[in-house]
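The values are calculated or read from the model by the stated rules, or taken from the named source; none is laboratory data. Computed from a predicted structure; not experimentally measured. Every residue, glycine among them, receives a Cβ derived from its backbone with ideal geometry; neighbour counts consider all protein chains shown. In case anyone asks, the SASA skips ligands and DNA or RNA and just uses the protein heavy atoms, side chains included. Shrake-Rupley method; radii C 1.70, N 1.55, O 1.52, S 1.80 Å.
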Amino acid sequence: MTRYIVSRLGITIVMAVLATLVIFLIANTVPGDPVLAQLGDVAASNKEFVAEWRAKFGLDLPLWHRYLIFLYGLIHGDLGISIASQRPVLDDIVQFAPATLELATIGFVLALLVGIPLGIVAAVWRDTWVDHIARVVSLIGVSSPTFWLAFIMLAVFYGGLEIAPGPGQLDPIALAPDRVTGLLLIDTVIAGDWGTFRDAAAHLVLPSIVLAAATLGLITRTTRASMLESIQQDYVRVARAKGLRKSTIILGHVFPNALIPVVTLGGLAYAQLLSGAVMTETIFSWPGLGLYTFRSAAALDFPAIMGITLVVALVYLLINLMIDISYAYLDPRVMR
């Protein structure tokens, strides 16, 4: 087990180093001038002022020199200074990341709580009306564009029925509690502010459902397919011949053996929710990494873009490492 974990950890570290090179090259070779994008027409016409800005952000240095500076900063926990906000990129990420973590986690848990049982039921009652409903639900979830579903949810439940709060994390008149963890639900509990807690929870409902929709469809379909494959194995027939109850066979034997594809998909889906909520956060004015990414890209803020992309890459690498380690516990044969 130890040797397996160390080998996977080594691969993860190598991939992280390669990711820094790819991220740096992409961010520094895209068309456009980030300095001119930040300056007005009058300031951009002043060559001395433009040269001063380029020197401030190291844009006058050779590409290889800038990469070494980037690596040196990473080693010391420095992701650079954002051109748009004039703040350290790491500070911006720390400020915006908790909102994304909270939203993505709620959406992912919702997708798991609905998708896994729906996939199990669809597999057990294959080709019945229950299976057909589960397949339609998963198809709608996978096929619905995020931006379309977000607009529909806002138009129906906020604009039409007026039973859901509007965009944002809180109502405009609500006061956020003192920042402890950055996770609004937890901070309101720590502060004992139950009114703000209810307000924050209500604002989470629509965006979390939008985020959960596509993941729900994928988890349902994967769980169903994996369960159907496991049901046809010989050990299931042996269990039936022993007279075990159907629920015991399904939950005690079939489902544990069908978990590996679900774990793989679930881990990658959670990483995608953490890194790919740009459209949802933009539409719902959610102050998370997705909204920060959108603003940074629009401003050609390459230090912020590199920092965000690096965080996303590390999230994927860490979750993949956790998935590999979980394989060793679910199926010890993978260590051979």
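Taking label positions 7 Å along the Cα-Cβ direction at both residue 242 and residue 130, the computed distance is 2.4 nm, reported to one decimal. Based on the convex hull around the alpha carbon atoms, region 169-325 presents an average projected area of 12.9 nm².
Calculate what fraction, in whole %, of the accessible area of the chain sits on carbon and sulfur atoms when a 1.4 Å probe is rolled over the protein chains.
Here carbon and sulfur together make up 68 percent of the probe-accessible area.
Converting phi to 3J(HN,Hα) with the Karplus coefficients 6.51, -1.76 and 1.60 and the offset θ = phi - 60°, region 93-110 yields 5, 4, 6, 8, 4, x, 5, 5, 4, 5, 5, 5, 5, 4, x, 5, 4, 4 Hz in sequence order, with x at every glycine or proline.
Two decimals, Cα atoms only, Kirkwood Rh: what is Rg/Rh over the chain?
When Rh is taken as the Kirkwood radius, the ratio is 1.05.
Over all directions, what mean area does the Cα convex hull of region 112-191 project, stated in square nanometres? Walk me through the numbers before you get to the answer.
Working: hull surface 32.4 nm².
About 8.1 nm², averaged over all directions.
Solvent exposure of region 118-186 amounts to 63 Å² per residue of accessible area, where only protein heavy atoms count and the probe is 1.4 Å.
Here the peptides 220-230, 129-139 are ranked by packing, the mean other Cβ count within 10 Å, and the order with the highest first is 220-230, 129-139. Per residue, region 260-303 exposes 35 Å² of accessible surface when a 1.4 Å probe is rolled over the protein heavy atoms with every protein chain present. For residue 81, the residues whose modelled amide H falls within less than 5 Å of its own, excluding neighbours fewer than 5 places apart on the same chain, are 89.
Taking 7 Å steps out from each Cα toward its Cβ at residue 186 and residue 86 produces label points 3.3 nm apart.
Along the axis of the charge dipole computed for the chain (Cβ charges of +1 for Lys and Arg, -1 for Asp and Glu, origin at the Cα centre), the listed residues 95, 152, 213 are led at the positive end by 213.
Using the Cα coordinates of region 263-323, the gyration tensor eigenvalues translate into equivalent-ellipsoid semi-axes of 23, 15, 6 Å, sorted from longest to shortest. Average 1/r across all pairs of distinct alpha carbons in region 126-171, invert it, and you get the Kirkwood radius: 12.6 Å.
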